[in-house]
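Have a look at the structure that comes next, please.
The values are calculated or read from the model by the stated rules, or taken from the named source; none is laboratory data. This one's a predicted model, so the numbers in the text were calculated from it and none came from an experiment. Positions of Cβ are generated from backbone atoms using ideal geometry, with glycine treated the same way; all protein chains shown enter the neighbour counts. Side chains included, ligands, DNA and RNA excluded: accessible areas come from the protein's heavy atoms. Shrake-Rupley method; radii C 1.70, N 1.55, O 1.52, S 1.80 Å.
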Amino acid sequence: QVQLVESGGGSVQAGGSLRLSCAASGRTFSSFGMGWFRQAPGKEREFVAAISWSTVFTYYADSVKGRFTISRDTAKNTVYLQMNSLKPEDTAVYYCAAKVGRGSYTQVAEYDYWGQGTQVTVSS
């Protein structure tokens, strides 16, 4: 079993920055692909960013490319999402997720474990 705990959410004005963290415990963190997703009220959960277990590959939604950066620290069993130039449309609950398989990094269904989410609110 894997436990994921997100932190770092909060309220910020447009143009500001936040860094989300996701601490993992349980099975070997280094073997998982890790992703960040978000869900706004009334909308489906959507892909934001992902990083392969090797850190060689990173993936981003077009809406955040150039503004968000995903990274991982295997020694700390933690994955990060640095969010810069935030916009009101980035407002959502952000979820950390871990995947064991080799399937798509952008699909919700490919992930095996999920955190409880952290709220990010961006005001204009």
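Can we say residue 11 is in contact with a strand residue (DSSP E or B) (Cβ under 8 Å, 6 or more places away or on another chain) and either closer than 28 Å to residue 124 by Cβ or part of a helix (DSSP H, G or I) (or both)?
Details: in contact with a strand residue (DSSP E or B) (Cβ under 8 Å, 6 or more places away or on another chain): yes; either closer than 28 Å to residue 124 by Cβ or part of a helix (DSSP H, G or I) (or both): yes.
Answer is yes for this residue.
Here are some conditions: (1) assigned to a strand (DSSP E or B); (2) among the aromatic types (Phe, Trp, Tyr); (3) open to solvent by 60 Å² or more (accessible area, probe 1.4 Å). Residue 47 meets all but one. Which one does it not meet?
In the conditions (1) assigned to a strand (DSSP E or B); (2) among the aromatic types (Phe, Trp, Tyr); (3) open to solvent by 60 Å² or more (accessible area, probe 1.4 Å), residue 47 misses (3) alone.
Considering the stretch 1-39 alone, what residues qualify as being modelled with pLDDT of 95 or more, basic (Lys, Arg) and either within 12 Å of residue 113 (Cα to Cα) or open to solvent by 30 Å² or more (accessible area, probe 1.4 Å) (or both)?
Across the stretch 1-39, the qualifying residue is only 19.
Here is a further query. State whether one or more residues within the stretch 75-82 are farther than 18 Å from residue 118 by Cα, in a strand (DSSP E or B) and in contact with a Lys or Arg (Cβ under 8 Å, 6 or more places away or on another chain).
Taking every residue of the stretch 75-82 in turn, none turns out to be farther than 18 Å from residue 118 by Cα, in a strand (DSSP E or B) and in contact with a Lys or Arg (Cβ under 8 Å, 6 or more places away or on another chain).
Here is a further query. Here are the criteria: (1) open to solvent by 80 Å² or more (accessible area, probe 1.4 Å); (2) within 12 Å of the chain's Cα centre (by Cα). Tell me which single one residue 42 does not satisfy.
(2)
Return the total of residues in the stretch 78-101 being buried (at least 17 other Cβ atoms within 10 Å of the Cβ) and out of contact with any Leu (no Cβ under 8 Å at 6 or more places or on another chain). Steps first, answer last, please.
The first filter runs over the stretch 78-101 and keeps only residues buried (at least 17 other Cβ atoms within 10 Å of the Cβ), leaving 78-81, 83, 86, 90-99.
If we keep only those that are out of contact with any Leu (no Cβ under 8 Å at 6 or more places or on another chain) too, we end up with 78-79, 90-93, 95, 99.
Qualifying residue count for the region: 8.
Any idea which of (1) outside any loop (DSSP other than H, G, I, E, B); (2) surrounded by fewer than 17 Cβ atoms within 10 Å (Cβ to Cβ); (3) not polar (S, T, N, Q) is the one residue 65 doesn't satisfy?
Here residue 65 clears every test but (1).
Being in contact with a Lys or Arg (Cβ under 7 Å, 6 or more places away or on another chain) and over 15 Å from residue 6 (Cβ atoms) narrows it down to one residue among 93, 108; which is it? Don't jump to the end; show me each part of the working.
Values: 93 fails: over 15 Å from residue 6 (Cβ atoms).
One residue alone meets the criteria, 108.
A follow-up question, please. Out of 54, 104, 71, which single residue is surrounded by fewer than 18 Cβ atoms within 10 Å (Cβ to Cβ), assigned to a strand (DSSP E or B) and without any contact (Cβ under 8 Å) to a residue 24 or more places away in the chain?
Working: 54 fails: assigned to a strand (DSSP E or B); 104 fails: assigned to a strand (DSSP E or B).
Result of the check over 54, 104, 71: 71.
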